[in-house]
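Derivation of every value follows stated rules applied to the coordinates shown; laboratory data play no part. Not measured: the values here are computed from a predicted model. Glycine also receives a Cβ, built like all others from the backbone with ideal geometry; neighbour counts cover every protein chain displayed.
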Amino acid sequence: MTNQILNSNNEKPFHVAIIMDGNGRWANTQGKPRFFGHRAGAENLRSIVESCPQSGITILTAYAFSSDNWGRPRQEVKMLMRLFNTYLQTEIKNLIKNGVKLTFIGRRDRFDASILSKMENAERATAHGKTLNLRLAVDYSARDMLIEAAKILGDSEATRKNYSRALAKAQHSATNTPDVDLLIRTGGEKRLSDFLLWECAYAELFFSPVMWPEFNPEYLQAAVDDFKHRERRFGCIPKKMVG
């Protein structure tokens, strides 16, 4: 179960979400086409995933493909799907070796049957991973998921717990996945871009100017270290300030 994955200090799960931004702009600085950047970004995800346990991260949710990305040029979308298909074929053995459980959140009805089959096979093959839960957000829109969750909730009692369960069902996610602790966005932009709006209610935000292909494990650790020095209040007044 997701909430049984603990970090090295046997503490509660540490959930980090990443908006992997800057692939195309990074490629432009190299004088290369945008797909060159997307491929470099996919390769970088591998190194970040492998470094997560050392940073105490037990759940990593990465924004891989938004629902709005379908509106990009047809050739770019085609190449992104080809890259996704390659990832599903080449990374599974490595994920199993490193104890990584791979799951996908988002819509599944717009992928072709071949990719969807590989996604489901990857989830089954890595289901017993205990070191890290890697969640890839594909064909994902937080607003669309919120609307779908409301439909699923229907006439049931509108509590946060019930809605969270409905949202998990809408996005094919585990019902016991904790909220995001730290949200990182690379590439210099400072916005959420329709990503995990419900789950990031009290997340700490970290914006990095570094483009995703160059966001190495050292940058990840720096973001985690910054997070550790923040005081999370969750809307409450710290006890030391009371009285």
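Just a few scattered comments:
- Take the Cα of K97, step 7 Å toward its Cβ, do the same at D225, and the gap between the two points is 2.9 nm.
- Computed from the C-alpha gyration tensor, the three semi-axes of the ellipsoid equivalent to region 49-123 are 24, 15, 12 Å, from longest to shortest.
- Whole-number percent relative contact order across the chain, with pairs defined as alpha carbons under 8 Å at least 6 apart: 26
- Stretching the chain fully between E43 and R72 yields a gain of 8.3 nm (0.36 nm per residue, less the alpha carbon separation).
- Y202, Y219, Y87 arranged by Cβ crowding within 10 Å, fewest neighbours leading: Y202, Y219, Y87
- Residue-averaged [θ]222 nm for the chain, counting only DSSP H segments that reach four residues, each worth -39500 (n - 2.57): -12500 deg cm²/dmol
- Size of region 2-227 as Cα extents on the principal axes (Å, biggest first): 55, 42, 35
- Each residue of region 56-70 was assigned a 3J(HN,Hα) from its phi angle through the Karplus curve 6.51 cos²θ - 1.76 cosθ + 1.60 (θ = phi - 60°); the sequence is x, 7, 10, 9, 10, 10, 10, 7, 9, 7, 7, 4, 5, 5, 4 Hz, with glycine and proline shown as x.
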